[in-house]
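The values are calculated or read from the model by the stated rules, or taken from the named source; none is laboratory data. All values derive from a computational prediction rather than experimental measurement. Virtual Cβ from ideal backbone geometry, glycine too; neighbours counted across all protein chains shown.
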Amino acid sequence: MKATVTRKAHFNSAHRLHVPTWSDEKNRSYFGLCNNPNYHGHNYELEVSVTGDIDPLTGYAYDIGKLKNVIEKEITACFDHKNLNLDTLEFKTLNPTAENIASVIWQKLRKHIESKYELTVTLAETPRNIVTVNGK
Ligand code: NI
């Protein structure tokens, strides 16, 4: 029997969505408020789900304490209270949309979670705007 364990986390970050090859007008019209030249913040809510077989000895599908620690070290410590465009290497040239942030988080976590486990990352930029990636 498989089980999925989910750990929630939270970080606050600033960003600006912008495509450098587009005109200011096109950027404004496409990205709206998220194109504000002086950046703005979001309260990101993260959910990381790991699916695996329930270990008959421990009863765990995945050690959620281990998951908590890797999220804190690899994600929260890097992105919380940061300007994603200016303060992080990952988004120096990558547009920090919720899709791209979720993908970067997935890639960072995948390095620490063995491939036998399925990994899904869900990121809410606002309570109503939510993106999910699973590496496919
Ligand atoms: Ni925004």
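Count of segment 27-62 residues, restricted to those that are surrounded by fewer than 18 Cβ atoms within 10 Å (Cβ to Cβ) and not small (Gly, Ala, Ser), is 20.
When 72, 90, 45 are checked against the criterion of being over 24 Å from residue 115 (Cα atoms), modelled with pLDDT of 95 or more and away from the ligand (no atom under 13 Å from the Cβ), 45 stands alone in meeting it. Within segment 1-40, the set of residues being hydroxyl-bearing (Ser, Thr, Tyr), at negative phi and in contact with a strand residue (DSSP E or B) (Cβ under 8 Å, 6 or more places away or on another chain) comprises 4, 6, 13. Looking at the structure I just gave you, is residue 135 at pLDDT below 95 and not hydroxyl-bearing (Ser, Thr, Tyr)? For residue 135, the condition - at pLDDT below 95 and not hydroxyl-bearing (Ser, Thr, Tyr) - is met. The strands (runs of 3 or more DSSP E) found wholly in segment 38-136 and carrying at least 1 residues that are in contact with a Lys or Arg (Cβ under 8 Å, 6 or more places away or on another chain) occupy 40-53, 118-126. Number of residues in segment 63-100 that are closer than 30 Å to residue 35 by Cα, hydrophobic (A, V, I, L, M, F, W, C) and surrounded by 13 or more Cβ atoms within 10 Å (Cβ to Cβ) equals 8.
From the set of residues in segment 101-123 that are surrounded by fewer than 19 Cβ atoms within 10 Å (Cβ to Cβ) and in contact with a Phe, Trp or Tyr (Cβ under 9 Å, 6 or more places away or on another chain), which is farthest from residue 27 (Cα to Cα)? Filtering segment 101-123 for residues that are surrounded by fewer than 19 Cβ atoms within 10 Å (Cβ to Cβ) and in contact with a Phe, Trp or Tyr (Cβ under 9 Å, 6 or more places away or on another chain), the one farthest from residue 27 (Cα to Cα) comes out as 117.
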